[in-house]
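In what follows, a single structure is set out as structure tokens and then discussed.
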Amino acid sequence: QQPLQPTNKNSKNDLQPLPVVHSDLDEYGLDPYEFRLYAHVVRRTGGKLNGQCFAKLKKTAEICHMSVRKAQYALKTLCGAGLIVKEQRRGRTDVYRLTPKSNWKPKEELKQIRQKAKESKVEDSEEE
């Protein structure tokens, strides 16, 4: 079989390599909402540790096709697991940054981290 060729010869996007998901992330145990939000933060930060993701939560949830509440819990879980860090800014959107893998908690703790995130009170300011 021949490899598929771009259908639009003028599209530069067709020439870009497809993203590769590292096995450490793929096998970490994130649920679909957490995985989708992590992918969004990676895109928004350019995949760089010093990059920033600071979109409004409502817009982020919309882009990721989930409710604001699901996005809140997923972000809390990702922060709790050490995959991202959150910087709160008064009167402005929160900023999320990626962390090095050395900051990630063991995947065996993910279920407990997720449960703690769901039991914690979701802050009203995060809904903006």
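Annotations for the structure displayed:
- Residue within the stretch 14-29 that is among the aromatic types (Phe, Trp, Tyr) and open to solvent by 30 Å² or more (accessible area, probe 1.4 Å) present: no
- Unmet requirement for Thr45, which otherwise passes all of (1) at pLDDT 95 or above; (2) open to solvent by less than 30 Å² (accessible area, probe 1.4 Å); (3) touching a helix residue (DSSP H, G or I) at 6+ places or on another chain (Cβ under 8 Å): (3)
Yes/no per residue for (1) farther than 19 Å from Asp26 by Cα; (2) out of contact with any strand residue (DSSP E or B) (no Cβ under 8 Å at 6 or more places or on another chain); (3) free of Cβ contacts under 8 Å to residues at least 12 places away in the same chain:
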{"site": "Gln52", "(1), (2), (3)": "yes, no, no"}
{"site": "Lys58", "(1), (2), (3)": "yes, yes, no"}
{"site": "Glu62", "(1), (2), (3)": "yes, yes, yes"}
{"site": "His65", "(1), (2), (3)": "yes, yes, no"}
{"site": "Thr77", "(1), (2), (3)": "no, yes, no"}
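- Qualifying helices (runs of 4 or more DSSP H) (wholly inside the stretch 56-126; at least 2 residues being at pLDDT below 95 and on the phi < 0 side of the Ramachandran plot): 110-119
- Residue match in the stretch 81-100 (condition: among the small types (Gly, Ala, Ser) and more than 16 Å from Arg36 (Cβ to Cβ)): yes
- Residues that are over 15 Å from the mean Cα position of the chain (by Cα), under 20 Å from His40 (Cα atoms) and open to solvent by 90 Å² or more (accessible area, probe 1.4 Å) do not occur anywhere in the stretch 105-115.
- Taking the stretch 79-106 as the range and being without any contact (Cβ under 8 Å) to a residue 60 or more places away in the chain, of a type in the set (Lys, Arg) and over 16 Å from Lys116 (Cα atoms) as the test, the residues that pass are Lys86, Arg89, Arg90, Arg92, Arg97.
The values are calculated or read from the model by the stated rules, or taken from the named source; none is laboratory data. The model shown is predicted, which means the values in this text are computed figures rather than measured ones. Here Cβ is always computed from backbone atoms with ideal geometry, including for glycine, and neighbour counts include all displayed protein chains. The area values use the complete protein model at the heavy-atom level, side chains included, leaving out ligands, DNA and RNA. Shrake-Rupley method; radii C 1.70, N 1.55, O 1.52, S 1.80 Å.
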